[in-house]
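Chemist: Sharing a structure, written as structure tokens. Questions coming.
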Amino acid sequence: MVTVVGVRFRNAGKLYYFDPGPLWPTAGNAVIVETTRGIEYGEVITGVCEVDESQITPPVKSVIRIATPEDCAHEMANRSKEPEAIAVCQKKVDEHKLPMKLVGCEYTFDNSKILFYFTSDKRVDFRLLVKDLASIFRTRIELRQIGVRDEAKMLGGLGLCGRKLCCAAFLGDFQPVSIKMAKEQNLSLNPTKISGVCGRLMCCLKYEEDHYEATRKRMPRIGKEVITPDGNGTVVDLKILKETVRVRIPKGDSTEQKDYPLEDVKRVSRFGENSNTGRTEENDDENDDLTEDIVEEAAREENISEEEAKKEFSQLTDKQ
């Protein structure tokens, strides 16, 4: 175990661990730390604690000091210069006619470097741009290409729910999100309804996925025969959050559908099934069928051709 403090440099940025040394800052303190980029100003998010060495990326740098009022003023002065730096950089980008979209910039605390972040659909030769910027700002210049999810994180905004974007509010790292998660949660497969402002699948699809997966494993499959207090029937729907099963039961010449708590439903034992769970041992991966379902639903709801819907789907699932 290693004694560390967790420090974050920007809102909702990644959490980094540092050796507190004799200072032992508490959560909420501003600190000056040594990083691979130089001297930086950050905020302590987690106070002094012990973490496993596997969570640490060596070498662990040290906290130099708890920030003074002068340090805070210097950091605010650096941030106030960022809009002007972006404007200058954008002017030079236009002059060189580079196919890039400038997103933001950062001054390091010691003013030894300025970082500019941009997005682009392809590789950009920005060597001449760097030379021009270095001659203007008289310091080291670094241009860093980022993906569309990082762009949304930096710029912020509102999601479909009306709240601040999760990535800009509290998410430190992006978690892998797949179209299967939307399918598991019975959500619309229309790309416009499950994608965020970045054009990729919404990060919140991941939040409840573990619960859906764990609960679904205990439930029978749709279409399987089960035993209920009212007799045998066929599963027609699953309510994951309520943990209930809707079963179609024969009633004379007709059928009746009723919802039953999961504990009141038992599977009809068959060869090849695991009697202790609601799932069989066969493969449950439905990804091969998802693309066709998504394309058909998107084409129908948006009144577009299937070729256009396929293009939307491919953009939605592209990696950064």
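The values are calculated or read from the model by the stated rules, or taken from the named source; none is laboratory data. Source: prediction; values computed, not measured. Note that we place each Cβ from the backbone using ideal geometry, even for glycine, and neighbour counts take in every protein chain shown. For accessibility, only protein heavy atoms count, side chains too; no ligands or nucleic acids. Shrake-Rupley method; radii C 1.70, N 1.55, O 1.52, S 1.80 Å.
Chemist: Which value, in Å², gives the accessible area per residue of the range 166-243 when a 1.4 Å probe is used on the protein heavy atoms? Show your work: numbers first, answer last.
Modeler: Working: 3830 Å² over 78 residues.
Ligands and nucleic acids excluded, the result is 49 Å² per residue.
Chemist: Positive end of the dipole of the range 141-245, charges at C-beta (+1 Lys, Arg; -1 Asp, Glu), about the Cα centre: which of L187, L171, L241 has its Cα farthest in that direction?
Modeler: L187
Chemist: Between S188 and D264, 0.36 nm times their residue separation minus their Cα-Cα distance comes to what? If you can, show how the numbers build up before the last one.
Modeler: Working: separation 76, 0.36 × 76 = 27.36 nm, distance 2.95 nm.
Full extension from S188 to D264 adds 24.4 nm.
Chemist: Related question: Roughly speaking, to the nearest percent, how much of the range 128-210's 1.4 Å accessible area is carbon and sulfur?
Modeler: Details: 2450 of 4520 Å².
The nonpolar share, carbon plus sulfur, comes to 54 percent.
Chemist: Here's something else I'd like to know. Can you give the relative contact order of the range 73-182 as a percent, counting alpha carbon pairs under 8 Å and 6+ residues apart? Before the final figure, lay out each step's value.
Modeler: Details: 119 pairs, mean separation 21.0, N = 110.
About 19 percent, as a whole number.
Chemist: Let me ask you something else. So which lysines pass the test for K14, namely a Cα distance under 29 Å, with those fewer than 8 places away in the same chain ruled out?
Modeler: Reachable lysines: K61, K81, K101, K113, K122, K153, K164, K180, K193, K206, K319.
Chemist: Checking the a/c ratio against 1.5 first, then a/b against b/c, what shape does the Cα gyration tensor give for the range 209-259? Show your work: numbers first, answer last.
Modeler: Working: a/c = 2.89, a/b = 2.57, b/c = 1.13.
It comes out prolate by the Cα gyration axes.
Chemist: Further question: Keeping every protein chain in place, order E184, E84 by accessible area at 1.4 Å, biggest value first, i.e. largest first.
Modeler: Working: E184 25, E84 130 Å².
If we order E184, E84 from most to least accessible, we get E84, E184.
Chemist: Same structure again: Treating only the Cβ atoms of Lys and Arg (+1) and Asp and Glu (-1) as charged, compute the dipole magnitude of the range 143-214 about its Cα centre; round to the nearest 20 debye. Walk me through the numbers on the way to the answer.
Modeler: Values: 10 positive and 8 negative charges, 63 e Å.
Dipole magnitude for the range 143-214 comes out near 300 debye.
Chemist: Continuing with the same structure: For the range 1-129, evaluate the Debye formula with one uniform point scatterer on each Cα (no solvent term) and list log10 I(q)/I(0) at q = 0.10, 0.14, 0.21 Å⁻¹, rounded to two decimals.
Modeler: One equal scatterer on each Cα of the range 1-129 leads to -0.41, -0.71, -1.14.
Chemist: Only Lys, Arg, Asp and Glu count, each charged at its Cβ (+1, +1, -1, -1), so figure out the dipole size of the range 17-139 about its Cα centre, rounded to 20 debye.
Modeler: Values: 15 positive and 19 negative charges, 162 e Å.
Result for the range 17-139 is approximately 780 debye, rounded to the nearest 20.
Chemist: Regarding the range 6-58, what is the average projected area of its C-alpha convex hull, in nm²? Before the final figure, lay out each step's value.
Modeler: Working: hull surface 15.0 nm².
About 3.8 nm², averaged over all directions.
Chemist: Okay, next question. Give me the percent of the accessible area of the range 58-99 that comes from carbon and sulfur atoms, probe 1.4 Å, all protein chains in place. Display every interim value, and only then the final one.
Modeler: Values: 1660 of 2730 Å².
Reported share for carbon and sulfur atoms: 61 percent.
Chemist: Now for a separate question. Can you bin the range 39-99 into rounded, prolate or oblate? Criterion: square roots of the alpha carbon gyration tensor eigenvalues sorted a ≥ b ≥ c, rounded for a/c under 1.5, prolate for a/b above b/c, oblate for the rest. Write out the running numbers ahead of the final one.
Modeler: Numbers: a/c = 4.10, a/b = 1.78, b/c = 2.30.
The shape class here is oblate.
Chemist: Distance in nm between label sites at Q175 and V51, each 7 Å beyond Cα in the beta-carbon direction?
Modeler: Using points 7 Å along Cα→Cβ, the separation is 1.7 nm.
Chemist: Going Cα to Cα from K224, which lysines come in below 21 Å? Please leave out same-chain ones fewer than 8 positions away.
Modeler: K183, K239, K242, K251, K258, K266
Chemist: Would you tell me the accessible area of S188, worked out with a 1.4 angstrom probe on the heavy atoms of the protein chains, in Å² to the nearest 10?
Modeler: Per-residue accessible area (S188): approximately 30 Å².
Chemist: Continuing with the same structure: Over the alpha-carbon set of the range 76-189, work out the extent along each principal axis and list the three values in angstrom, largest first.
Modeler: Extents along the principal axes, in whole Å: 56, 33, 20.
Chemist: For the range 107-262, just the Cα set please: Rg and Dmax, both in angstrom.
Modeler: 25.4, 88
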